[in-house]
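Everything below concerns the one structure shown next.
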Amino acid sequence: MKVANGLDPRITAVPDATGVGRADAAINVGLRSYMLSVYNYMASGVLLTGIVAMLFANTQFGAQVMTSPLRWLIIFSPLVIVFVMSFGVNRMKTATLQTLFWAFATLMGMSMSTVFMVYTDTSIAQTFFAVAAAFMGLSLWGYTTKKDLSGFGTFLIMGVVGLLVAMVINLFLQSTAMQLAISAIGVLLFAGLTAYDTQRIKSLYVDVAGTDMLGKTVIMGALTLYLDFINMFQFLLSFLGQRR
């Protein structure tokens, strides 16, 4: 009977004798700790965004800000932070990236407060739990699959670029049918990116383990998965959400 390597107690003595088994075990432990840190940061960021969005939407100040020209500063600030983090990751300290990540999550919460003004609480909750379940399944698949997903990455990123172009065009057309198509395609693209990004983040561990880039990679990985989750949530809510 065939048994997968690492699960058959009869074969563990040989790799342990050479040190390979212990090295693999150490890598696996380190990898699990690394990925857990990524997920913890990502989940904490999503939680912070949700709390800020809900509180901001239920204050008179928040309503006034999001109906004033100041809203554009709040909407575009997170994008600026993403660019700053992406291009400055090698020069910044880990603590600086952490601060920027929490600032990003907070500003995203303020920006997304309009969700609570437009959609019913029930549809927001239903969409959130649906996306959370899908995200966990897709990320787990990306983490465990032996299939190389790098080939899909280029296709998915090109799809996101095309989606952005379509969204800009629809700002002028104001087509409901086109908006529905954009939302549906957006859900599919970011679902695929969730699996792809998880595998890519996992593959980076070997290169950064034991270096000062480890903590930075954790934060940038969390930011990537956060964006996958939030975009999937927004597109699905736009597609299925019930307006007030």
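Looking only at region 160-200, count how many residues are assigned to a helix (DSSP H, G or I) and farther than 20 Å from Val131 by Cα.
16
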Kindly indicate which of Phe56, Phe128 is over 23 Å from Gly186 (Cβ atoms) and surrounded by 13 or more Cβ atoms within 10 Å (Cβ to Cβ).
Phe56
Expected single match for under 29 Å from Leu240 (Cα atoms), of a type outside the set (Asp, Glu), surrounded by 13 or more Cβ atoms within 10 Å (Cβ to Cβ) and in contact (Cβ under 8 Å) with a residue 40 or more places away in the chain among Leu138, Leu163 is Leu138
Quick one: which helices (runs of 4 or more DSSP H) sit completely within region 1-71 and have at least 3 residues that are modelled with pLDDT of 70 or more, among the aliphatic types (A, V, I, L, M) and closer than 30 Å to Tyr119 by Cα?
20-57
Can you spot a residue in region 206-214 that is surrounded by 17 or more Cβ atoms within 10 Å (Cβ to Cβ), over 27 Å from Gly159 (Cβ atoms) and either in contact with a Ser or Thr (Cβ under 6 Å, 6 or more places away or on another chain) or touching a residue at least 40 places away in the same chain (Cβ under 8 Å) (or both)?
yes
Kindly establish whether Ala184 is small (Gly, Ala, Ser) and touching a Gly at 6+ places or on another chain (Cβ under 8 Å).
no
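The values are calculated or read from the model by the stated rules, or taken from the named source; none is laboratory data. These numbers come from a predicted model, not from an experiment. A quick note on method: Cβ atoms are made from the backbone with ideal geometry, for glycine too, and the neighbour counts reach across all protein chains shown.
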